[in-house]
1. So V146 ticks every box in (1) among the aliphatic types (A, V, I, L, M); (2) crowded, with 19+ Cβ neighbours inside 10 Å; (3) over 14 Å from M211 (Cβ atoms) but one. Which box is left unticked?
2. Need the failing condition index for D227 against (1) surrounded by 14 or more Cβ atoms within 10 Å (Cβ to Cβ); (2) modelled with pLDDT of 90 or more; (3) under 26 Å from S125 (Cα atoms), just the number.
3. Would you be able to tell me the number of residues in the range 198-216 that are part of a helix (DSSP H, G or I) and within 19 Å of R155 (Cα to Cα)?
4. If I ask for residues that are within 41 Å of the chain's Cα centre (by Cα) and either among the basic types (K, R) or at pLDDT below 85 (or both), which ones from the range 154-176 would you list?
5. Please determine whether any residue of the range 179-189 is in contact with a Leu (Cβ under 8 Å, 6 or more places away or on another chain), in a helix (DSSP H, G or I) and within 28 Å of R103 (Cβ to Cβ).
6. When A132 is evaluated against the numbered criteria (1) of a type in the set (G, A, S); (2) surrounded by fewer than 18 Cβ atoms within 10 Å (Cβ to Cβ); (3) in a helix (DSSP H, G or I), which criterion, by number, is the only one it fails?
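The values are calculated or read from the model by the stated rules, or taken from the named source; none is laboratory data. Predicted model, so just to flag it, every value in this text is computed and none were measured. Here the Cβ is made from the backbone with ideal geometry for all residues, glycine too, and neighbour counts use every protein chain on show.
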Amino acid sequence: MSKIGIQEEAGPREEFRAKLRADLLTAYAEDASCPPPEPAETIAPTAGQADIVRGRPRRSRRCRRAGRAGGRSRGHRRVAVFSQLTAVGVAFTLTVTGLVAYRAVPGDTLYPLKRAAESTMVGLSTDERERAQRKLRTAEERAAEVARLLGTPGRVDLVEKTIRDMDRATRSAVCELGRVKRKDTKEEEEPTLRRFAEKQHQVVDPMLQKMDAQTQRQASGYLDYIDGLAAPETTSATTGD
């Protein structure tokens, strides 16, 4: 190495170094003059675009609102139909029960319901005359029940109590009529009681021969009582029959 020595001309020439320096400065200046690229803004896809990307058609807001309203309407319609069916079923059940109870006699399961309905109707009367008429109809119903009881085996023992109820309803109706103070009512009272006595005789008279001695005395005493309520001419005609 010592023999070789130092060669002054070793290394790149001065022209090459100058040109390289100029190129580097030029490239640096160009890089400094261009701003760095901004990062791309991430934009979230809309609901419609997301549905399209997933392969589902996007429904408009009006369609979605109409769909929700339609669902609520269908639910309300189902509830309304169910309520109507329930009301019809209850009305039908009450109607059938009322018809069966109307034909009930003492000893039947629905007979207390029948008596309760009669008491309710009497209580809903608007005046004494209407209340008296309803009580007379109650007495007529008791007479019809006595006739059915006499033809029903095993219930003859209920006849005596039913006759007592008939007598009690009749006396209560007569008291109601007695409390009415209007003049025209007094004129109509006797025909009302006369028609009532005739109807009761038509129902009770044929039953006397089917009763035992004690029940006959009870029924005959009742007939004597209603005969005393009718007009004298009607009473004598009925007694003569």
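1. (3)
2. Every listed condition holds for D227 apart from (3).
3. Counting residues in the range 198-216 that are part of a helix (DSSP H, G or I) and within 19 Å of R155 (Cα to Cα) gives 11.
4. G154, R155, K161, R164, R168, R171
5. There is no residue in the range 179-189 that is in contact with a Leu (Cβ under 8 Å, 6 or more places away or on another chain), in a helix (DSSP H, G or I) and within 28 Å of R103 (Cβ to Cβ).
6. Every listed condition holds for A132 apart from (2).
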